[in-house]
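Structure first, commentary second.
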Amino acid sequence: MIRRTGHGKEGEHRANAGDFVIDHQFQFPTPGVEMLTGVELHVGGFHSWQQDRRSRICARLPPQPRIKHRSPLGKSARPNSVSTAIMGVNDLGDLVGFYKKADGTKHGFIWYHTNVFRTIDYPATSLTTVPFGINKAGTVVGGLWTINPSFGTFPGGGWVWVNGKFSNMNPFDKNSAAPCCWSVNGIANSGVITGQVFQADFNQAWFKGGADEDFYMDVPPGNNGNDTFGTGVDSGNDVVGYDASRGWFAKNIEANEGTSDATEVKPNFIVVKFPNSGSTVPFGLNNLRGVVGTYVDSTGRQHGFFAKPNF
């Protein structure tokens, strides 16, 4: 039985149903969310069974998390590191992220479910290698990021890692001048990927499946643009992300498009917002369309969330 408790903003109905808060298109489990994600754990990745980025012009990473898991996930930290940030996980339980050593250097890693730890650093760069996602095949995606408290945090290039080899992944609209600031932020088991690029005066989200590349923004009425970041993607070509004002979910953005960009269809953005939150940022989703991310409550404290779609 669903008990209506009132109306949210813009006519959204909110209700309690058992252990869930229902807000418009999503249900948010209310008890023990932080038991799953850790009070101070950035929720960066989510696949079938386990869960565990950006200043204007270029985006910034969120505050680096201190890994403080509670049961059932246990504590996770790179041995001999001063901090460890887990950014993504696949169906097998392989983790990716980056860690900081006592000498101040930062390094990307894969922590396999077999408890084998592998450092991965993009060659010949002074930027930090930040892995954001790994799929079941073991393909890792991420970005090269400047992480400097003095002047900000922003990406300088995207990459894909397969079997020990890095390759650049920097898609851009061929009609845009001087694109920059790429990062690959998510990958699905099917191999499709999503990320961000700064072009035409705005950060834009992008989706890539094979040779097809799509660029899009969530633009409010009356605006000519809006910084938009793609953070997660599933094998059904659904994408999640956020912009300057809200988190969003876009169903199969390739639906009815065919192979020609001339028939490009603008995604339909569904708002993802934890009830009564100041901001909600989705970071990942699985093939069942479950979404994970973070929200900020009325006191300014950040929390992790899991959301189930009502569609």
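The values are calculated or read from the model by the stated rules, or taken from the named source; none is laboratory data. These numbers were taken from a predicted model, which means no experiment stands behind them. Note: ideal-geometry Cβ built from the backbone for every residue, glycine included; neighbour counts use all protein chains shown.
The numbered conditions (1) within 20 Å of Thr129 (Cα to Cα); (2) surrounded by fewer than 20 Cβ atoms within 10 Å (Cβ to Cβ); (3) touching a strand residue (DSSP E or B) at 6+ places or on another chain (Cβ under 6 Å) are all true for Val162 except (3). Considering the stretch 115-125, the residues that are modelled with pLDDT of 95 or more and of a type outside the set (A, V, I, L, M, F, W, C) include one that is surrounded by the most Cβ atoms within 10 Å (Cβ to Cβ), namely Tyr122.
For the stretch 106-147, taking the residues that are in contact with a Pro (Cβ under 6 Å, 6 or more places away or on another chain) and not β-branched (Val, Ile, Thr), the one that is nearest to Asp234 (Cα to Cα) is identified as Gly142. Within the stretch 157-168, no residue that is among the small types (Gly, Ala, Ser) sits with its Cβ atom under 8 Å from a residue that is at pLDDT 95 or above and surrounded by fewer than 10 Cβ atoms within 10 Å (Cβ to Cβ) at 6+ positions apart or across chains.
Reported count of residues in the stretch 94-114, each being over 14 Å from the mean Cα position of the chain (by Cα) and surrounded by 14 or more Cβ atoms within 10 Å (Cβ to Cβ), is 12.
The set of residues in the stretch 247-266 that are at pLDDT 90 or above and surrounded by 18 or more Cβ atoms within 10 Å (Cβ to Cβ) comprises Gly247, Trp248, Phe249, Ala250.
In the stretch 190-227, of all residues being closer than 12 Å to Pro171 by Cβ and aliphatic (A, V, I, L, M), the one that is surrounded by the most Cβ atoms within 10 Å (Cβ to Cβ) corresponds to Ala205. Considering only the stretch 154-163, I want to know if a residue exists there that is out of contact with any Cys (no Cβ under 6 Å at 6 or more places or on another chain), farther than 23 Å from Lys100 by Cβ and at pLDDT below 95. Checked the stretch 154-163: no residue is out of contact with any Cys (no Cβ under 6 Å at 6 or more places or on another chain), farther than 23 Å from Lys100 by Cβ and at pLDDT below 95.
Only a single item in (1) in contact with an Asp or Glu (Cβ under 7 Å, 6 or more places away or on another chain); (2) under 22 Å from Tyr295 (Cα atoms); (3) modelled with pLDDT of 50 or more is not met by Val43, and it is number (3).
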